[in-house]
Amino acid sequence: QVHLVESGGGLVQPGGSLRLSCAASGSIFEFNVMGWYRQAPGKQRESVAGVISGGPTTYADSVKGRFTITRDNAKNTVYLQMHSLNPEDTAVYYCMAVLRGTIFWGQGTQVTVSS
């Protein structure tokens with residue numbers, strides 16, 4: 001069983017930064033894909049960023065140039081560095097991982113961007 005635990009969410013002012021962390025049980029080296037999704041109130045869950053085991057990354061157009069996803073295999077952790085946050089980034093952010101075709105989710109961490 002894979003467990004993903006997110007942390008780092010909180011309240012930040014517009015233009016601010018946050019770094020989310022996703023700690024995984026077991027070696028993330030085995031995960032084919034890891035990524036971050038988010039869900040705002042009344043909206044569907046959407047992909048934010050992903051990183052494939054070989055290293056390539058993908059980003060939603062809305063966060064390109066502002067968010068960076070990285071993975072630290074030694075710490076079994078994936079990070080999402082977020083800069084220039086705006087109120088539209090407010091959502092619950094979920095970590096996900098794909099292992100041999102099965103998708104696992106974390107419990108989510110709230111990010112609120114407000115003055």
Which residue fluctuates most in the GNM of the chain (Cα springs below 10 Å): PRO56, PRO14, PRO87?
PRO56
Among the trypsin sites (Lys or Arg not before Pro) in region 25-61, which ones are in a DSSP loop with at most 10 other Cβ atoms within 10 Å of the Cβ? Mind listing them?
LYS43
What does the charge count near MET82 come to, summing +1 for each Lys or Arg and -1 for each Asp or Glu among other residues with Cβ under 10 Å from its Cβ?
+1
Hey, can you find the accessible area per residue of region 37-106 for me, probe 1.4 Å, expressed in square angstrom?
53 Å²
Please report the carbon-and-sulfur percent of the accessible area for the chain; probe 1.4 Å, protein heavy atoms only, DNA, RNA and ligands left out.
50 percent
Hydrodynamic calc, region 22-115: Kirkwood Rh from Cα pairs, then Stokes-Einstein at 25 °C with viscosity 0.890 mPa s, so D in µm² s⁻¹ is 181 µm²/s
Cut-off 12 Å between beta-carbons: net charge of the residues surrounding ALA23, Lys and Arg +1, Asp and Glu -1
0
Let me know the charge dipole size of the chain about its Cα centre in debye, to the nearest 20, where only the beta-carbon of Lys, Arg (+1) and Asp, Glu (-1) is charged.
60 debye
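The values are calculated or read from the model by the stated rules, or taken from the named source; none is laboratory data. It should be emphasised that the depicted structure is a prediction, and the values quoted were computed from it without experimental measurement. Virtual Cβ from ideal backbone geometry, glycine too; neighbours counted across all protein chains shown. Protein only, heavy atoms only, side chains kept; ligands, DNA and RNA dropped before computing areas. Shrake-Rupley method; radii C 1.70, N 1.55, O 1.52, S 1.80 Å.
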